[in-house]
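Since the structure comes first, as structure tokens, the remarks are kept for the end.
Please treat every number below as a calculation from the coordinates, not as lab data. Quick caveat: nothing in here was measured; it's all calculated off a predicted structure. Cβ: placed from backbone, ideal geometry, glycine included. Neighbour counts: every protein chain shown.
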Amino acid sequence: MKKLRNFSCTLLSLFFIMGCVQTTSAKELPTFEKDENYASIRLKMIDAGWKPFHSKEADSCFESDSRCQGRPEMESCAGTGMANCKFLWKKDEKSVAICTIGEDTTYDGMCN
């Protein structure tokens, strides 16, 4: 019983520590407004010390797709539906993904 209690305490401590790390990461991010344009968000990220991250698994950006041109951090952009895009950023050992919707790349939130 004592081993189970120690394991439970260790597991709870690990969850608490992981939660603190996520909270710290969120504090390092700039503040984004609902429906903010990705061009503005991109400048905020660069000013805050975040670097665009290019994934080896990223989709290719078509020349005619203004959503991803000049944005090496684009991991994917849908060609149909809501025209969703996912952009990857890295700072130190942390990484985040920002999702947008629409042809004008409107901020939709943080994503996985």
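Worth a mention:
- Counting beta carbons within 10 Å around each of 100, 106 and listing the fewest first gives the order 106, 100.
- Integer Hz, Karplus 6.51/-1.76/1.60 couplings in order for region 66-73, x for Gly and Pro: 5, 5, 10, 4, x, 10, x, 7
- Positive dipole terminus of region 32-111, leading residue within 107, 43, 69 (C-beta point charges): 43
- Backbone N within region 85-112 under 16 Å of label point (7 Å from residue 44 Cα along the Cβ vector): 87-90, 96-101, 105-111
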